[in-house]
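First comes the structure, then the notes that go with it.
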Amino acid sequence: MSALAFPGGAWPVMLTPFTDDNQVDYEALKALTKWYIDNGCSGLFANCQSSEMFFLSLEERVKIAKTVMEVAAQTKASSLSVLPQGSCVPVIVSGHIADSIEDQIAELQEIAKTKPAALIFITNRFAKEDESDEVWRANCQKVMDALPEDLPLGMYECPYPYKRLISIENLTWCANTGRFYFLKDTCCDLKTIVERIDAVKGTNLKIYNANTTTLLDSLVAGAHGFSGVMASFQMSEYAYLCKHALDKDEQSIATNNKLQDLLTVTSLIERQYYPVNAKYYLKTYEHLPMGTFTRVKDHSLLVETLKQDVAALKRLSDSVVASLGIK
């Protein structure tokens, strides 16, 4: 697997559009995929928690992965991304939600047939909350052994049904297998992120921070990119910050700091009524042909006050970006 397949930059955790009668809206999914790409993503993460994967059938998870990869293969990356001109955006996929390891293997084998750039393991699926790192490694190895040896792998510290942060010992073990390329880091702690960056140095495994508050500092420290929910609100802003985080001139540093401040404050909206508010944003302000229905929350409970929060985010983002003179 070449380094090009796992660039830095912003990797949104993708939403899944639904029709009002609770079917996956594949036409809206195609439009959403193209929107992420046109607005600067350097990679896409399908079938994650934001995609409502725990509420998708295996058939839906497979078809979603195929749909996203088909659009990504036909759409050239934006100049806002870190990818070379003319490149296509890589797609990584998760989607193992079962409790038993045997059922997870069956799920992952089906998803692997879609040939993603990497198959992403959910860190809380390999051991119960009270089980040890040794249990986790044994189950991870069992799953790895059941998958093609040439299939790149990654990890995602999904918060549901419980958040299992990967230990340095397990992280190092994964990195040393040579098979892991991607960690969606949700620890939200800069000190821990730096320790992880140091632990995987010189290996294929790269750290992608999901937390906005620590993002710029983590990129400067050596994190490879961003993979978080706010890319569904501010895709181009995250793409810009990831692309220019290491620029050294005084003006760029000032611009990055101001953009980081904007993103930090506006990221508080993810604690409101996500993912309904993100779907509302994309429908209302990006004019995507998608509704606000979700399987995880009642979309009718996005009250007017929450809609005003989204409107304020849009106005503030546009104003700050214009004042900074950046795309």
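Of all aspartates and glutamates in the structure, those lying under 18 Å Cα to Cα from K128, and not within fewer than 8 positions of it along the same chain, are D99, E102, D103, E157, E169.
Put a plus charge on the Cβ of each Lys and Arg, a minus charge on the Cβ of each Asp and Glu, and nothing anywhere else: the dipole of the chain about its Cα centre is then about 720 debye. Computed from point charges on the beta carbon alone (+1 for Lys and Arg, -1 for Asp and Glu), the dipole magnitude for region 258-308 about its Cα centre is near 100 Debye. Using C-alpha pairs under 8 Å with a sequence gap of at least 6, the mean separation divided by the residue count of the chain gives a relative contact order of 19 percent.
Per DSSP H run of at least 4 residues, take -39500 (n - 2.57); add these up for the chain, divide by its residues and hand me the 222 nm value, nearest 500 deg cm²/dmol.
So the helix-based figure for the chain works out to -13500 deg cm²/dmol.
Extension gain, E110 to S300: 0.36 nm times the residue separation minus the Cα-Cα distance gives 65.0 nm. Projecting the Cα atoms of V13, G40, T67 onto the dipole axis of region 1-74, where Lys and Arg carry +1 and Asp and Glu carry -1 at the beta carbon, places G40 farthest toward the positive end. The charge dipole of region 84-230, taken about its Cα centre with unit charges on the Cβ of Lys, Arg, Asp and Glu (plus for the first two, minus for the last two), comes to roughly 480 debye. Of the beta bridges in the chain, as assigned by DSSP with both residues counted there, near 10 percent are antiparallel.
Sorted fewest first by neighbouring Cβ atoms within 10 angstrom, H96, H299, H244 come out as H244, H299, H96. Which of rounded, prolate, oblate describes region 190-256, given a ≥ b ≥ c as roots of the alpha-carbon gyration tensor eigenvalues and a/c under 1.5 marking rounded, otherwise prolate only if a/b is larger than b/c? Taking the square roots of the gyration eigenvalues as a ≥ b ≥ c, region 190-256 is oblate.
Readers should treat all values here as calculations from the given coordinates under stated rules, not as data from a laboratory. Since the model is a prediction, treat every value here as computed from it, not as a measurement. Positions of Cβ are generated from backbone atoms using ideal geometry, with glycine treated the same way; all protein chains shown enter the neighbour counts.
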